[in-house]
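Below: the structure, in structure tokens.
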Amino acid sequence: MPTPVESLYTALENVTARIVEVTATYKPTYSIDGESYSHESYLTSLVASVASIRAAITLLEKPYQKVTRMRT
């Protein structure tokens, strides 16, 4: 079972891959049968997801100090 940090790295890879797919071709905002689709809003939400995933990774991967004693 992956650790929480590994899961977050996997999620980050998936979201960034999706951003690459979305930005590969331009799709305009459109409406069909009363439902509108905004690819710009979708891209904005993906970018926000990347920021929040990175923040979570930073919290979980806090730097730590290993206390050692040196003898002379």
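The values are calculated or read from the model by the stated rules, or taken from the named source; none is laboratory data. All values reported here derive from a predicted model rather than from experimental measurement. Every residue, glycine among them, receives a Cβ derived from its backbone with ideal geometry; neighbour counts consider all protein chains shown.
A few remarks follow.
- Of residues in segment 23-39 being in a helix (DSSP H, G or I) and either of a type in the set (Val, Ile, Thr) or at pLDDT 90 or above (or both), the one surrounded by the fewest Cβ atoms within 10 Å (Cβ to Cβ): Ala24
- Yes/no for Val67 being without any contact (Cβ under 8 Å) to a residue 60 or more places away in the chain and part of a helix (DSSP H, G or I): no
- Checked against the criterion of being of a type in the set (Val, Ile, Thr), part of a helix (DSSP H, G or I), at pLDDT 90 or above and loosely packed, with under 12 Cβ neighbours inside 10 Å, the candidates Val50, Val5, Val20 yield just one match: Val20.
- Residues considered: Leu60, Leu43. Of these, the only one that is touching a residue at least 40 places away in the same chain (Cβ under 8 Å) and surrounded by 10 or more Cβ atoms within 10 Å (Cβ to Cβ) is Leu60.
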